[in-house]
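To start, the structure under review is shown below, and the notes come after it.
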Amino acid sequence: MRRSARRCASRPGTPPPRRPCESTVRRSRSPTAAARRGTTGGKKVNGRKPFIGVDSLGLVWALSVLTADIQDRDGGRWLLSAVRHRLPRVREVIADSGFSKRFQQFVRNVCRWAVTITANAKDGFKVHTRRWVVERTFAWFVRYRRLMVDYEYHTETTEAMIQAAMIHRMLRKLHPNP
């Protein structure tokens with residue numbers, strides 16, 4: 001289905017560089033024993049972070065939902081180590097400035113991919129070169145009620161809801177409403 005969605009968008013079937021990114025989801029109710037959650041250090045946000053790897057169309061190729069207390073560099077390393085053998089054509093990873101030197105060294109040494117880090121703008125707002133693709137994908141998630149707020153007890157359920165949202169998105173691309 002992913003190949004058909006890429007073909008429908010006039011793109012080749014092979015994925016271009018992957019872009020890992022993260023986003024923090026706010027929690028809907030107080031945590032229970034069934035759901036492990038964390039809080040970010042600086043933002044003081046409770047909940048979970050979905051780490052995703054997308055292609056140039058914003059289609060999700062890799063997904064991992066972790067607690068919010070996991071650093072970006074660690075979540076990105078876990079995500080890429082889980083999928084690096086399944087994506088042999090990937091040559092480059094584009095990440096934002098939250099992914100540190102340790103993440104860059106991991107990608108270069110273990111995955112054998114090039115790493116490009118998008119820096120923050122010094123003088124006001126500036127659109128990052130390819131980061132908007134990932135931000136657009138997170139915006140697509142917000143269109144689904146179950147992904148707007150973290151309703152789920154288990155991270156696996158959140159991952160399944162994200163996958164269902166992306167399947168719905170691809171099906172809508174292939175067969176739009178008349």
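Can you tell me which residue within region 96-138, out of those that are assigned to a loop (DSSP other than H, G, I, E, B) and without any contact (Cβ under 8 Å) to a residue 12 or more places away in the chain, is nearest to R169 (Cα to Cα)?
Within region 96-138, the first condition is being assigned to a loop (DSSP other than H, G, I, E, B), and the residues that meet it are 97-100, 112-113, 119-130.
Restricting the remaining residues to those that are without any contact (Cβ under 8 Å) to a residue 12 or more places away in the chain gives 112, 121-127.
Details: R112: 31, A121: 31, K122: 35, D123: 35, G124: 33, F125: 29, K126: 28, V127: 24 Å.
If we take residues in region 96-138 being assigned to a loop (DSSP other than H, G, I, E, B) and without any contact (Cβ under 8 Å) to a residue 12 or more places away in the chain, then V127 is nearest to R169 (Cα to Cα).
Report whether or not L87 is under 20 Å from V60 (Cα atoms) and in contact with a Gly (Cβ under 7 Å, 6 or more places away or on another chain).
On the way: under 20 Å from V60 (Cα atoms): yes; in contact with a Gly (Cβ under 7 Å, 6 or more places away or on another chain): no.
The answer is no for L87.
Take the residues of region 54-104 that are of a type in the set (A, V, I, L, M) and touching an Asp or Glu at 6+ places or on another chain (Cβ under 7 Å): which is farthest from R7 (Cα to Cα)? If you could, list the steps in order and put the result at the bottom.
Initial filter on region 54-104 (of a type in the set (A, V, I, L, M)): 54, 57, 59-60, 62-63, 65-66, 68, 70, 79-80, 82-83, 87, 90, 93-95.
Narrowing the set further to residues that are touching an Asp or Glu at 6+ places or on another chain (Cβ under 7 Å) leaves 63, 65.
On the way: L63: 22, V65: 29 Å.
Looking at residues that are of a type in the set (A, V, I, L, M) and touching an Asp or Glu at 6+ places or on another chain (Cβ under 7 Å), I get V65.
Looking only at region 152-169, decide whether some residue is within 21 Å of S56 (Cβ to Cβ), hydrophobic (A, V, I, L, M, F, W, C), surrounded by 13 or more Cβ atoms within 10 Å (Cβ to Cβ) and modelled with pLDDT under 90. Quick ask: steps written out before the conclusion?
Step one: list which residues in region 152-169 are within 21 Å of S56 (Cβ to Cβ), which gives 162-163, 165-169.
Subset that is hydrophobic (A, V, I, L, M, F, W, C): 162, 165-167.
Next cut, surrounded by 13 or more Cβ atoms within 10 Å (Cβ to Cβ) only: 162, 165-167.
The next check asks that each one be modelled with pLDDT under 90; those that pass are none.
No, every residue in region 152-169 fails to be within 21 Å of S56 (Cβ to Cβ), hydrophobic (A, V, I, L, M, F, W, C), surrounded by 13 or more Cβ atoms within 10 Å (Cβ to Cβ) and modelled with pLDDT under 90.
Do you know which residues across region 122-144 are modelled with pLDDT under 85 and either among the charged types (D, E, K, R) or more than 16 Å from I94 (Cβ to Cβ) (or both)? Walk me through how you get there before you give the answer.
First pass over region 122-144, keeping only residues modelled with pLDDT under 85: 122-132.
Once the filter is applied, which keeps residues that are modelled with pLDDT under 85 and either among the charged types (D, E, K, R) or more than 16 Å from I94 (Cβ to Cβ) (or both), region 122-144 yields K122, D123, G124, F125, K126, R130, R131.
Return yes or no: is A68 aliphatic (A, V, I, L, M), surrounded by 19 or more Cβ atoms within 10 Å (Cβ to Cβ) and either closer than 13 Å to V134 by Cβ or at pLDDT below 70 (or both)? Give the derivation first.
Details: aliphatic (A, V, I, L, M): yes; surrounded by 19 or more Cβ atoms within 10 Å (Cβ to Cβ): yes; either closer than 13 Å to V134 by Cβ or at pLDDT below 70 (or both): no.
Here the answer is no, as A68 does not meet what is asked.
Note down all Cβ pairs under 8 Å where the first residue falls in region 73-95 and is over 16 Å from N109 (Cβ atoms), the second is surrounded by fewer than 13 Cβ atoms within 10 Å (Cβ to Cβ), and they're at least six residues apart or on different chains.
Listed by first residue and then by second, the contacts come to R89/T14; I94/T129.
When the residues of region 71-103 are filtered to those that are loosely packed, with under 15 Cβ neighbours inside 10 Å and within 22 Å of V127 (Cβ to Cβ), which remaining residue is modelled with the highest pLDDT?
Result: E92.
Within region 65-117, how many residues turn out to be over 15 Å from D55 (Cα atoms), within 17 Å of the chain's Cα centre (by Cα) and of a type in the set (K, R)?
Within region 65-117, residues that are over 15 Å from D55 (Cα atoms), within 17 Å of the chain's Cα centre (by Cα) and of a type in the set (K, R) number 2.
Out of curiosity, is L87 of a type in the set (A, V, I, L, M) and part of a loop (DSSP other than H, G, I, E, B)? First the steps, then the outcome.
Values: of a type in the set (A, V, I, L, M): yes; part of a loop (DSSP other than H, G, I, E, B): yes.
So L87 fits the description; yes.
Whether any residue in region 41-55 is within 19 Å of the chain's Cα centre (by Cα), in a loop (DSSP other than H, G, I, E, B) and either crowded, with 18+ Cβ neighbours inside 10 Å or modelled with pLDDT of 65 or more (or both) is what I want to check.
yes
The values are calculated or read from the model by the stated rules, or taken from the named source; none is laboratory data. Just so we're clear, the structure is a prediction, and the values are computed from it rather than from any experiment. Cβ sites come from the backbone with ideal geometry, for glycine too, and all protein chains shown count toward neighbours.
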